[in-house]
2 protein chains.
Amino acid sequence: MAKAPRSGPYICGIDAALDVVSGKWKGLILWELHAHGVRRFAELRRGMPGVSEKMLTQHLREMEEDGLVRREVYAEVPPRVEYSLTEHGITLNRALGPLGDWGAERVRREGFDSVAVAEAAHR
Amino acid sequence: MAKAPRSGPYICGIDAALDVVSGKWKGLILWELHAHGVRRFAELRRGMPGVSEKMLTQHLREMEEDGLVRREVYAEVPPRVEYSLTEHGITLNRALGPLGDWGAERVRREGFDSVAVAEAAHR
DNA sequence: TGGGATACTCACCTTTTGGTAAGGGGGAAT
DNA sequence: ATTCCCCCTTACCAAAAGGTGAGTATCCCA
């Protein structure tokens, strides 16, 4: 019973979707995986300055459990693990598009700071 | 300086948007206000079973501060306060549409429980 | 006279989330 | 010989989010 239940009864679709994306780094993981297709653990880590190893694995495991991310382990000498989006991860990302646009405009509107990280890679 | 900073530097638009929607009841507030146009405090409360008064006011205040919700107070004998969406609240809601659809399909797909609350009112 | 409705605020507590630091096991590079 | 890299796991802590229950001032209705 150490694991969180996840997937409690939802009131609306927004609820069900937010449950899956909420988490400090999940949006960014989706973003990175969308931009690069396939990434290894250390690559993701480097692409997300500030994330700790613990949080990264934790979020990746939850997203795997939620069917958004695929995890492939290669039993090689230096271990290699590759992450990519599943079909559901891809559709979720598409569904997040308009929200991302809205957020970007909000940033522009309010003049908030935004961290410039490889902006060119994203659309 | 008691107030949370909010609007920290964002990494991408998703970040900026999620910052504004994350909160246990915010999605539902948006939903209610969209469905009814204008609602009083107690009406919202009744429409969201389980929310505490504290959380409801807290979320409403934050959303007002974020420019999503308009709050109008009528200095009447039994106090009356009406809440509605601002222009930005409306566009945010529109941007959440695809996400809501995705979430609804996830619920269907996985066979999760969903609480039936006035479903008919929501498109 | 007493109770409920109205829209909150305040003090306190629990739960959840995120962060820090350390370790692990083996191979490759210096 | 030492260090680094790889992909984590575990134990422990701090901060944030959320919940509970009380109090407030006024009025209306029975």
Original post:
Size of the dipole of the protein assembly as shown about the Cα centre, Lys and Arg at +1 and Asp and Glu at -1 on the beta carbon, nothing else charged, in debye to 20?
Top reply: 260
**OP:** Rounded to the nearest 500, what is the 222 nm mean residue ellipticity of the protein assembly as shown from helices alone, with -39500 (n - 2.57) per DSSP H run of 4+ residues and division by all residues?
**Re:** -16500 deg cm²/dmol
Subject >> Karplus-derived HN-Hα couplings along segment A:73-84 (A = 6.51, B = -1.76, C = 1.60, θ = phi - 60°), whole Hz, x at Gly and Pro >> reply: 9, 9, 6, 9, 5, x, x, 10, 10, 10, 10, 8
Original post:
Taking the label point as lying 7 angstrom from Cα along the Cα-to-Cβ axis, what are the distances from residue A:42 to the corresponding position in the remaining copies, in ascending order and in nanometres?
Top reply: 6.4
Original post:
What is the gain in length, in nm to one decimal, between residue B:55 and residue B:90 on full extension, counting 0.36 nm per residue of separation less the C-alpha to C-alpha distance?
Top reply: 10.4 nm
Original post:
For label points placed 7 Å from Cα toward Cβ, what is the shortest-first list of nm distances from residue B:77 to its copies?
Top reply: 8.8
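With a ≥ b ≥ c taken as the square roots of the eigenvalues of the C-alpha gyration tensor of chain B, please select rounded if a/c is under 1.5 and otherwise prolate if a/b is larger than b/c or oblate if it is not? Before the final figure, lay out each step's value.
Values: a/c = 1.79, a/b = 1.15, b/c = 1.55.
Cα axes put chain B in the oblate bin.
With a/c under 1.5 counting as rounded, go ahead and sort the protein assembly as shown into rounded, prolate or oblate using the C-alpha gyration tensor (a ≥ b ≥ c being the square roots of the eigenvalues; past the cut-off, prolate if a/b is larger than b/c, else oblate). Display every interim value, and only then the final one.
Numbers: a/c = 2.22, a/b = 1.64, b/c = 1.36.
Note, shape of the protein assembly as shown comes out prolate.
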Original post:
Which distances, shortest first and in nm, link residue A:53 to the matching position in the other copies, using label points set 7 Å out along Cα to C-beta?
Top reply: 5.0
Original post:
How large is ³J(HN,Hα), in whole Hz, for each residue of segment B:49-65 in order, when computed from phi with the Karplus curve 6.51 cos²θ - 1.76 cosθ + 1.60 and θ = phi - 60°, using x for Gly and Pro?
Top reply: x, x, 6, 8, 4, 4, 5, 5, 5, 4, 5, 4, 5, 5, 5, 5, 4
**OP:** Pairs of lysines 8 or more apart, or on different chains, with alpha carbons under 25 Å: count those in the protein assembly as shown, would you?
**Re:** 18
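Work out the length of the dipole vector of segment B:1-110 about its Cα centre, built from +1 on the beta-carbon of each Lys and Arg and -1 on the beta-carbon of each Asp and Glu, and round it to the nearest 20 debye.
Details: 17 positive and 16 negative charges, 60 e Å.
Charge dipole, segment B:1-110, about its Cα centre: 280 debye, nearest 20.
Throughout, read-outs are computed from the coordinates displayed, never taken from laboratory work. The model shown is predicted, which means the values in this text are computed figures rather than measured ones. No Cβ is skipped: glycine too gets one built from the backbone with ideal geometry, and neighbour counts run over all protein chains shown.
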